[in-house]
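Peer 1: Sharing a structure with you now.
Read-outs throughout are calculated quantities, based only on the coordinates presented, and are distinct from any laboratory measurement. Just so it is clear, the structure is predicted and the values come from calculations on it, not from any experiment. Note that we place each Cβ from the backbone using ideal geometry, even for glycine, and neighbour counts take in every protein chain shown.
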Amino acid sequence: MAFDGITLSALVSEWKHTLTGGRIQKISQPETDELILTIKTDNNYYLQLSSSASLPLACLRPDVKPAPLTAPAFCMLLRKHLNGGRILDIVQPDLERVVQFKLQHLNEMGDTCVKYLIVELMGKYSNIIFTTEDLQIIDSIKRVNSFVSSVREVLPGKPWFIPKTDGKHSLLSEPAEGLCAALSERSGPVSSALYQTITGLSPVIANELCCRAGINPELPASELSANDRESLCEILCWLKRQVETEAYSPVIYKKDGMPVEFAPIPLRTFSDYPEYTVVEKPSISEVVLGYYQEKDAVTRMRSRSADLRKVTQNAIERTAKKLDLQRKQMEDTRKKDKYRIYGELLTTYGYSAEPGSKSLTCTNYYDNTEITIPLDPTLTALENAKKYFDRYAKLRRTAEALTEQLAQSEAELLHLETVRESLGFARDEADLSQIKAELTDCGYLKYHRESGAKKGKPAKSKPYHYRTSDGFDLYVGKNNYQNDELTFNLAGGGDWWFHAKGIPGSHVVLKTGGREVPDELFTIAGNLAAYYSSGRDGSGKIEVDYLQRKNVKKPNGAKPGFVVYYTNYSLVATPGIDEGLTEVKG
């Protein structure tokens with residue numbers, strides 16, 4: 001969910017109760033576009049303010065982040081003016097995505113002064129601005145000149161103001177009937193018209209309002225009936241009361257254990273679907289921080305794995321091209337038997353060919369049909385026969401070589417696809433190190449030895465570990481090395497092994513501990529194997545093979561993660577992590 005005005009109003013409500021009257025004890029700037037203020041009231045609070053273009057946020061966090069040894073200039077400026085300063089008030093102007101911290105401090109002469117620290121959470125236009133009491137800009141964490149924005153310059157000495165938003169109306173100060181009338185003048189779906197007309201709404205909240213009002217969000221706003229407008233007025237009045245009375249219930253929605261959405265109010269657009277689980281939190285800051293930390297972790301891992309992804313993708317494309325060429329060559333070798341038959345027929349009927357003939361028509365004694373054999377007129381019939389036998393022998397040798405090469409290329413392509421999937425399952429540096437080691441060992445990456453350093457083992461990475469409510473353990477390999485480790489070292493012969501059928505995916509091991517496995521647990525394990533496979537992003541169900549581990553074999557010289565089995569059961573699984581599973585950390 002974007003940082004809309006409703007979410008920000010919930011944060012401001014929380015900050016007013018916890019931070020107002022507090023003193024700023026410390027200011028740090030851990031990132032070029034981020035501040036952390038340590039504020040002392042009856043407790044210490046850490047306020048994180050980020051103007052990141054991709055992930056802007058503001059929330060209370062449980063601890064501080066490491067800061068650089070040399071503070072940036074903007075941080076030093078704030079320390080000079082605001083260290084020891086007191087928070088007088090925290091204001092959000094009319095549900096805009098802007099927060100004004102009114103701060104009192106002592107200047108160099110010991111006189112009391114008032115300054116504003118203004119946080120703008122507007123996507124790529126996000127900023128943190130320090131101003132005087134009369135809103136003259138002293139400096140900002142991002143300076144914006146006229147070449148960057150013709151609407152508003154953010155430079156020292158310039159006045160600060162909120163840019164005008166044409167056609168926007170206030171939820172708090174205008175009657176709901178007037179808002180609905182303005183909606184009816186809009187073209188396009190009613191959900192879009194809501195957030196384009198009313199300040200502070202995001203697409204998620206707009207869809208939620210439509211859901212609560214019983215209106216199709218795709219219905220054109222100009223086609224709203226009188227009953228629709230009445231229902232929408234009631235819901236807008238409800239939302240207005242929620243904001244004015246600060247009646248927030250922060251929630252975060254998860255799917256398969258991963259956060260997908262958050263909000264300061266429950267969302268029926270998610271609550272009504274069983275695949276989403278709702279987690280209620282006492283604080284909107286906890287919701288925001290948890291959601292963004294997960295998002296940030298995914299973004300960071302994708303950035304760190306970019307080089308490995310590129311190497312893997314290049315190798316996949318190269319292998320796929322090679323496999324295509326080999327298949328075309330194999331298709332060409334299918335003519336070899338025709339040349340053998342030509343040679344045999346010429347050996348039998350060649351005596352009837354006239355010297356200098358360009359062809360010979362005779363009976364094919366394999367199927368009793370008439371056949372015409374092309375001839376080189378400069379050669380005798382027997383010499384033509386030898387030429388065809390030579391061509392047949394060459395194609396036969398090519399087919400024998402290609403059969404082996406095709407098998408190798410197909411195995412290589414499958415292996416590379418499993419590596420690509422493994423990169424999507426990586427959570428930390430240890431996981432990436434193990435995948436990098438695999439690519440190095442298989443020759444896709446060169447090992448670079450640092451001077452004076454010995455080649456060491458990659459950082460220890462552990463598989464996913466889940467436990468059921470009745471004490472059964474399930475393990476999921478994050479990469480091919482872990483798949484081999486799970487299957488042939490951790491799993492016992494009587495344990496159960498699961499894998500998505502015919503597609504790249506993780507090995508899933510169900511440890512029985514000598515107990516009888518309940519039938520529903522096979523479904524849970526199958527769903528887990530489907531989820532940790534390349535098919536989880538598709539629609540529909542996935543076939544999963546399962547069997548006892550003692551029947552799984554690894555051929556000599558096979559690629560990491562590759563196994564064979566000949567007798568197995570199958571089930572149709574729905575990709576997902578069952579709610580009854582608890583992930584075991586460490």
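Peer 1: Once you sort the root eigenvalues of the Cα gyration tensor of the range 455-539 as a ≥ b ≥ c, which label holds: rounded (a/c under 1.5), prolate (a/b larger than b/c) or oblate (the other case)?
Peer 2: oblate
Peer 1: Hey, with R₀ at 30 Å, roughly what FRET efficiency would N368 and K553 work out to, going by the Cβ-Cβ distance, to 0.05? Spell out each step's value before the answer.
Peer 2: Values: r = 48 Å, r/R0 = 1.61.
The computed FRET efficiency comes out at 0.05.
Peer 1: Can you run the Rg to Rh ratio on the range 368-497? Use alpha carbon positions and the Kirkwood inverse-distance Rh. Provide the component values of the computation, followed by the final result.
Peer 2: Numbers: Rg = 26.7 Å, Rh = 20.1 Å.
Rg/Rh for the range 368-497 comes to 1.33.
Peer 1: Let me ask something else. When the helices in the chain are scored as -39500 (n - 2.57) per DSSP H run of 4 or longer and the sum is shared across all residues, what 222 nm value do you end up with, to the nearest 500 deg cm²/dmol?
Peer 2: Working: 14 runs with 215 residues, N = 586.
Computed mean residue ellipticity for the chain: -12000 deg cm²/dmol.
Peer 1: Within the set of other residues whose C-beta is less than 10 Å from the C-beta of Q196, count the net charge using Lys and Arg as +1 and Asp and Glu as -1. Please list the in-between numbers first.
Peer 2: Details: positive: K168, R186; negative: none.
So the environment of Q196 carries a net charge of +2.
Peer 1: Right, here's the next one. For the range 325-438, compute the number of Lys pairs whose alpha carbons are separated by less than 24 Å, excluding pairs fewer than 8 positions apart on the same chain.
Peer 2: Going through the range 325-438 pair by pair, I get 20.
Peer 1: Right, something else. What is the total of Lys pairs in the range 166-297 with C-alpha atoms under 29 Å apart, excluding same-chain pairs fewer than 8 positions apart? Don't skip to the end; give the middle numbers.
Peer 2: Details: K168/K240; K240/K254; K240/K281; K254/K281; K254/K295; K255/K281; K255/K295; K281/K295.
Lysine pairs satisfying the spacing and distance rule in the range 166-297 number 8.
Peer 1: List the extent of the Cα atoms of the range 310-422 along each of their three principal axes, largest first, rounded to whole Å.
Peer 2: 67, 29, 17
Peer 1: Suppose the chain between Q136 and T567 were pulled fully straight at 0.36 nm per residue; how much longer would it get relative to their current alpha carbon spacing?
Peer 2: The Q136-T567 span can extend by a further 147.5 nm.
Peer 1: Hey, of [x] 65, 30, 28; [y] 61, 24, 20; [z] 47, 38, 21, which did the structure itself give for semi-axes √(5λ) of the Cα gyration tensor in Å when calculated?
Peer 2: Here semi-axes √(5λ) of the Cα gyration tensor in Å agrees with entry [x].
Peer 1: Kirkwood hydrodynamic radius, the range 505-586, all distinct C-alpha pairs: what's the number in Å?
Peer 2: Numbers: mean 1/r = 0.0711 Å⁻¹.
The Cα-based Kirkwood calculation yields 14.1 Å.
Peer 1: Exceeding 30 Å between C-alpha atoms, which entries from my cross-link table qualify? They are K40/K164; K460/K554; K26/K164; K115/K164.
Peer 2: Values: K40/K164 36 Å; K460/K554 23 Å; K26/K164 35 Å; K115/K164 23 Å.
K40/K164; K26/K164, as the Cα separations exceed 30 Å there.
Peer 1: Rounded to whole Å, give me the distance from the Cα center of the range 508-586 to that of the range 360-421.
Peer 2: Spelled out, the Cα-based centre of one part sits 42 Å from the other.
Peer 1: Averaged over every viewing direction, what's the projected area of the C-alpha convex hull for the range 176-301? Give it in nm², one decimal, please. List each step's numbers first, then the result.
Peer 2: Values: hull surface 34.0 nm².
Computing the convex hull of the Cα atoms and averaging its projections yields 8.5 nm².
Peer 1: Moving to a separate point now. Tell me the Rg and the Dmax, in Å, that the Cα atoms of the range 1-135 produce.
Peer 2: 14.0, 46
Peer 1: Also, I was wondering about something else. Checking the cross-link filter: which aspartates and glutamates have an alpha carbon closer than 12 Å to that of K501, excluding same-chain neighbours under 8 positions apart?
Peer 2: Partners found: E543, D545.
Peer 1: Determine, for F488, F147, the number of other Cβ atoms within 10 Å of each Cβ, and report the residues in order from fewest to most.
Peer 2: On the way: F488 14, F147 7.
With the fewest neighbours first, F488, F147 line up as F147, F488.
Peer 1: What aspartates and glutamates could a cross-link reach from K446, if we take a straight Cα to Cα line under 14 Å and drop same-chain neighbours fewer than 8 places away?
Peer 2: D307, E438
Peer 1: Mind checking which lysines have their C-alpha under 17 Å from K550, skipping anything on the same chain fewer than 8 residues away?
Peer 2: K511
Peer 1: Averaging over every viewing direction, what projected area does the convex hull of the Cα atoms of the range 27-68 cover, in nm²?
Peer 2: Taking a quarter of the hull surface, the average projection is 2.9 nm².
Peer 1: Please give me the summed charge of the neighbours of P220: other residues whose Cβ is under 13 Å from its Cβ, Lys and Arg +1, Asp and Glu -1. Spell out each step's value before the answer.
Peer 2: Working: positive: R186; negative: E185, E218, E223, D228.
Here the charged neighbours net out to -3.
Peer 1: Here's another thing I want to ask about it. Take peptides 68-74, 5-11, 53-59 and line them up by average Cβ neighbours within 10 Å, highest first, as a rough protection proxy. Kindly include the intermediate steps, with their values, before the conclusion.
Peer 2: Values: 68-74: 12.1, 5-11: 24.9, 53-59: 19.6.
Averaged packing, sorted descending, gives the order 5-11, 53-59, 68-74.
Peer 1: How much length, in nm to one decimal, is gained on full extension between E543 and E275, taken as 0.36 nm per residue of separation minus their Cα-Cα distance? Mind showing how you got there, number by number?
Peer 2: On the way: separation 268, 0.36 × 268 = 96.48 nm, distance 1.99 nm.
Contour length minus Cα-Cα distance gives 94.5 nm.
Peer 1: Can you sort V552, V288, V151 from fewest to most other Cβ atoms within 10 Å of each residue's own Cβ? Mind dumping the intermediate values first?
Peer 2: Working: V552 21, V288 27, V151 10.
Exposure proxy ranking, most exposed first: V151, V552, V288.
Peer 1: In addition: Taking neighbour Cβ counts within 10 Å as the exposure measure, how do K328, K254, K585 sort from fewest upward?
Peer 2: Details: K328 9, K254 20, K585 6.
By the 10 Å Cβ count, ascending, the order reads K585, K328, K254.
Peer 1: Work out the length of the dipole vector of the chain about its Cα centre, built from +1 on the beta-carbon of each Lys and Arg and -1 on the beta-carbon of each Asp and Glu, and round it to the nearest 20 debye. Could you put the intermediate results ahead of the total?
Peer 2: Numbers: 74 positive and 76 negative charges, 513 e Å.
Dipole magnitude for the chain comes out near 2460 debye.
Peer 1: Could I ask something else about it? Take each of the peptides 187-193, 516-522, average the number of other beta-carbon atoms within 10 Å over its residues, and list them starting from the highest.
Peer 2: Values: 187-193: 18.6, 516-522: 12.7.
Put in order of decreasing packing, that is 187-193, 516-522.
Peer 1: Another question about this same structure. Among V98, G85, I118, pick out the residue whose Cα is farthest towards the positive end of the charge dipole of the range 1-140, where Lys and Arg carry +1 and Asp and Glu carry -1 on C-beta, about the Cα centre.
Peer 2: Ranked along the dipole, the leading option is G85.
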